[in-house]
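In what follows, a single structure is set out as structure tokens and then discussed.
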């Protein structure tokens, strides 16, 4: 889905193999079937990641081999149960995951779920900010491109969309840092907030972990400004990556709906071209965007890992790289599996929303 | 368009080759996009091929006859794009990086095409439980962030970092794991469609083996769309390679030059306003991906008659007409209606 080929209007339906089999049925049946389709997806990814990570040996040797004497190492491997047959470990792991236990990290001995929740909020904040940028940039530009189809603005905008895709997020981030931080000095270089704000955020009674929300709730306007100024560059960097996809999608779909009979009928009644685009063709063209937004979550999460590393944004992606470098594979496995769950659940929610809006999606 | 396409007369082989036939059927803006893409891609290929001649220094070279290279030197006659914090020559590393990127693309895409085509043919032709299992697995992989999967794979294969060929293979396998499901889907769908064609049925009646039907009758027809996926995937392969390198899971700097790795080192420089260590490798990635994407995009548009701009029908062999594209589109839609 990260390729540039435009998704046809009903691409998401192709992901649901059971579609043709069920007959009739309402929204309830659809949601139920769609819900049970998440389970095999997550199960397969858990299995895949588990066996891949075990091919290279047990996690304790990977993390601490060479640092501990062989006897102590064997002792710890035995305690953690990594010397048992691999299938026994696998079924135990699947059972743990099913009950919401993703293990404990080796390097700092934290439960993976707790660690993911702590850093996940930062990633969530970044993803939401980026999505806002992407929608604000992508949809209007896509409309303009469709409205001025095959004219100069369309050519420029299409080129811009390809450029958004062709620029790796970390290079876009580097250019923004150079321009707005190093040369112009308008915005901070990295991090989620300055040290003073971080301290203020840490001392809050019940922090949500989403800084701008916390800053607003505590009424600390200086902190709020600080948080916003730190958010702009990462959000713009990650947002532009997705904005290109949205731009192309809106353009293709609006052009598609502009060819429909009812738009033609409107045109024959003398409705202006501008009004046709903004009133008639715009709304039906937005439905596929919701579907594709779900597919973009995977791209967004992958981009978030790179963006967080570029801007030292201490979220899941940043943390993932830290754990990878310290060879803590239990933590890595936990984060990857948690992300698989997030992707699965998001796709489910998006499909349900699409079904609520467009009755044709249900079957 | 071409009269011969209508009459069915065969054109010389040269005009039927993918890119050349696309070029001939393009007009105006689309031809511009295709040509820009081709020029950029050609530039990339030439740089990769002649890297040893173009680059003034080796990718891991830290000194020459005049002594060790100074660190973080701005562009100067001796080092036209400056030097990095480690004392490498930026220009040389960017040039050598093209070679690394090229090798990784070829290995990765070749591997994924091979696996994807074989699995897609088998899955689509035989159907049944094999088909269902493979589809579910492919969908699961497809829905997952590709970069994360590539990271996991590169740890499995090389434990992070390794030598030139070790690193190349690790990166390529990591990338191909992401791509195989894409090829698999396309080939499987085509195979299912072609399986119902009369000529496949008749081959069955004649008594051809499954292997022969797949290899001879379906394979050739199912792989028509591959040039398009190839160009799109080649650009994604570069981005994935750079992403892996940026996170530190690529190839060691002493084994090969890699753009993503250089950008990783350049992020710290950016804070202090040192631009030349990051901008050049970054531009190399952007231009290469841009070139490949433009070629892929143009081929995609030109394959689809609804998206293709047209030469004026009456003018026949008349030269490219920039306004024709704009006019042809509504006409095409009217004809569909």
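Read-outs throughout are calculated quantities, based only on the coordinates presented, and are distinct from any laboratory measurement. All figures in this text were calculated on a predicted structure; none of them were measured in a lab. Every residue, glycine as well, gets a Cβ built from its backbone with ideal geometry; the counts of neighbours run over all protein chains shown.
Assorted remarks:
- Subtracting the Cα-Cα distance of residue A:82 and residue A:322 from 0.36 nm times their residue separation leaves 84.1 nm of extension gain.
- Annotation: the residues A:27, B:134, sorted from fewest to most other C-beta atoms within 10 Å of their own C-beta, follow the order A:27, B:134.
- On the beta carbon distance between residue B:114 and residue A:274, with R0 = 45 Å, the FRET formula returns roughly 0.30.
- Ordering A:35, B:179, A:43 by the number of other Cβ atoms within 10 Å of each residue's own Cβ, fewest first, gives A:35, A:43, B:179.
- Overall dimensions of the range A:301-363, expressed as equivalent-ellipsoid semi-axes from the Cα gyration tensor (√(5λ), whole Å, largest first), are 33, 14, 6.
- Between residue B:199 and residue B:225, the C-beta separation translates, for a Förster distance of 30 Å, into a calculated FRET efficiency of about 0.95.
- Label separation (residue A:312 vs residue B:49): 4.5 nm, computed from points 7 Å beyond Cα along the C-beta direction.
- For A:40-49, mean number of other protein chain Cβ atoms within 10 Å: 5
- FRET efficiency, residue A:109 to residue A:72 (Cβ-Cβ, R0 22 Å, nearest 0.05): 0.85
- Order of B:265, B:204 - criterion: other Cβ atoms within 10 Å of each residue's Cβ, fewest first: B:204, B:265
- Partner chain coverage, peptide B:287-296 - average Cβ within 10 angstrom: 3
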